[in-house]
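Okay, so here's the structure we're looking at.
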């Protein structure tokens, strides 16, 4: 039937871990009436220095909807719906691009900034619980493994 392999065990383990992380994050963002995707949009607009997408791309200007859609792996229609909800909650707003007024960029409102700050203790506590028992060296190695897997996946898209 299906052969047990280390590679498959790792991939399915990562998948399960990702599902559990989403569920755990839902608990603290749901208290604020947000979904995980909405929270991730807010962290992007807050320019969280831990986001791999922002580290790779080095964005100076506020992000556009298309860039958020690319980072989150969602369609343009999906991101538009998410942004409409966040604008309706008063957490984000659109501003005109400095070079091309037809382009719209996205920024956090004062309420959005306050919410990100308010959630930081929950984020730190959640991360600490998930990574409990790992040394700093193990965490650094783990991050390196994740980055290597991400690079491998991205190179598959190019070939």
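Throughout, read-outs are computed from the coordinates displayed, never taken from laboratory work. Since the structure is predicted, the reported quantities are computational estimates derived from the model, not experimental observations. Heads up, the Cβs are rebuilt from the backbone with ideal geometry, glycines too, and the neighbour counts pull from every protein chain shown.
Taking 7 Å steps out from each Cα toward its Cβ at residue 109 and residue 27 produces label points 3.0 nm apart. Please identify which residues in segment 35-51 have an amide N closer than 18 Å to a label point set 7 Å out from the Cα of residue 18, following the Cα→Cβ vector. The answer is 36-41, 51. Note on the chain: helix-only mean residue ellipticity at 222 nm, from DSSP H runs of 4+ residues weighted -39500 (n - 2.57) and normalised by residue number, equals -22000 deg cm²/dmol. One compactness figure for the chain is 1.17, namely its Cα radius of gyration divided by 2.2 N^0.38 Å. In terms of packing, defined here as the mean over residues of other Cβ atoms within 10 angstrom, the peptides 56-69, 39-52 line up highest first as 39-52, 56-69. Ordering 24-30, 81-87 by mean Cβ neighbour count within 10 Å, with the highest value first, yields 81-87, 24-30. As a rough guide to protection, the peptides 114-125, 139-150 ranked by mean Cβ packing within 10 Å, highest first, stand as 114-125, 139-150. If you plug the beta carbon distance of residue 56 and residue 127 into 1/(1 + (r/R0)^6) with R0 = 22 Å, you get a FRET efficiency near 0.60. Computed extension gain for residue 5 through residue 87, at 0.36 nm per residue and net of the alpha carbon distance, reaches 24.9 nm.
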